[in-house]
Every structure is written in C-alpha cells, then in structure tokens.
C-alpha cells in the first residue's frame, strides 16, 4: 500500500522541533511518526526551504517501491511464474496494475519472459525411421505374445505415465528451481520419491480410464 502523506501542520512541527535542537529520534517519538519520515521532511526543508508539497516531475510510479521489490524477487525466484500470477499477487496488496506495467518493470532489471523454441518439422528420413522403429516394436510384441490395443491416430493419450509426468511437474514446480542444474536435480529427486503404490494404483484404474475415454468419444475425462 502507498505510504501515508502527512499534513502541512505535522511537517511544520517537525521543522519547529528540529530548529529547537531535537534529534530525529526524539522528534519521531514526540510526534509518533517514523524516523525515516522525519528525515525525509527535514532533508526536503533543507533543500527547498519549505514544507509545502512541490509539484511532481513526470508521471508518478504505479507501483510503490516495496511492491516493486517484492515483484522482482518473486519473478527472479520463480522463473516459470506467469504475468497473470504476478498481476494477482500485486492486486492482493492493493495495487492493481496492467500486465504491461509488470512486464516493463521486470525488463528494467533484466528479467524477460521466454517462449519455447519451435520444434523442427520432421523430414522424410525421420518419418521412415519412426516407421521402422514402430514396426520393430510391433514384431517384438508379437514374439512375446503381448496383445496390443488398437490405437487410432489423434486419440486421447490414456497412458498412465502421463499421470506420473504431471505428478513430477507439480512437485518440481513447488520447489521453484532457479537454474538448469537445480531443475535436473529436483526432477531426479522427485521422480525417485514416486511410490510403487502410486504406480500400481494407476495400472489398477486403467480399465476404468479406458472405458471413460470410449464413453466420452475421445473427450476429456476425470482420469
């Protein structure tokens, strides 16, 4: 929240006591105002010779210094945080600003958003290699007498591993890695923490998730 602006009468009393020989701490205690406020009033009086509020130069900042520092710390500590999340955090302390204001504030201290690089298109050789790999996999299933479900293209991905990827992503995000080294370390640690019971539960509920996917005709399900 923005700091309270004291009346002209209070500012005059500060100067009056300062002229009488009182120090900053005694003035602060006598008038029940912060020591830093007393210092600012006296410094302004020494420089301009008045306690009257002077016209502001330029447009006043939309964020207070305290909120600005908290915003920068939050963005630096959480590289994956979004502008919407930062916007909500500033609104919670009573300072609602536009996303562009937040972005501009972060740019001034060298913090920039990043967009994932586009993956290159597959060449004909890539496609042939994938086809050969898929054919070899199917032959292996056949020799091991493993029945494989028919899986049409563009079908919903019901592989239980996707649930584990989401578990991993959530756990790592909570730890807020600040660099690639920490990201790799946290991924390995959180993956090792996934219990056998969690995996068994996903396998156990797989028939239900498959049935739900069929009933939804490829739409979203609770699984």
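The values are calculated or read from the model by the stated rules, or taken from the named source; none is laboratory data. Everything numeric here is computed off the predicted structure, so don't read it as measured data. Here the Cβ is made from the backbone with ideal geometry for all residues, glycine too, and neighbour counts use every protein chain on show.
Structural remarks
- Filtered residues of segment 197-223 (kept if at pLDDT below 85, under 15 Å from residue 161 (Cα atoms) and not in a helix (DSSP H, G or I)): 223
- Any hit, segment 53-65, residues being part of a helix (DSSP H, G or I) and either exposed (fewer than 13 other Cβ atoms within 10 Å of the Cβ) or modelled with pLDDT of 90 or more (or both): yes
- Checked across segment 188-195, the condition of being modelled with pLDDT under 90, assigned to a helix (DSSP H, G or I) and loosely packed, with under 10 Cβ neighbours inside 10 Å holds for no residue.
- Filtered residues of segment 144-165 (kept if modelled with pLDDT under 90 and either part of a helix (DSSP H, G or I) or farther than 25 Å from residue 207 by Cβ (or both)): 161, 162, 163
- Residue 50 vs. criteria over 41 Å from the mean Cα position of the chain (by Cα) and either in a loop (DSSP other than H, G, I, E, B) or under 27 Å from residue 6 (Cβ atoms) (or both): yes
- Meets criteria (at pLDDT 85 or above, within 21 Å of residue 6 (Cα to Cα), assigned to a loop (DSSP other than H, G, I, E, B) and not assigned by TED's automatic domain parsing to the domain that holds residue 174) for residue 22: yes
- Pair list, Cβ under 7 Å, 6 or more apart: segment 91-118 residue in the same structural domain as residue 72 (by TED's automatic domain parsing), other residue exposed (fewer than 11 other Cβ atoms within 10 Å of the Cβ) and modelled with pLDDT under 85: 93/1; 94/1
- Residue 94 out of contact with any strand residue (DSSP E or B) (no Cβ under 9 Å at 6 or more places or on another chain), in a loop (DSSP other than H, G, I, E, B), over 27 Å from residue 177 (Cβ atoms) and at pLDDT 85 or above: no
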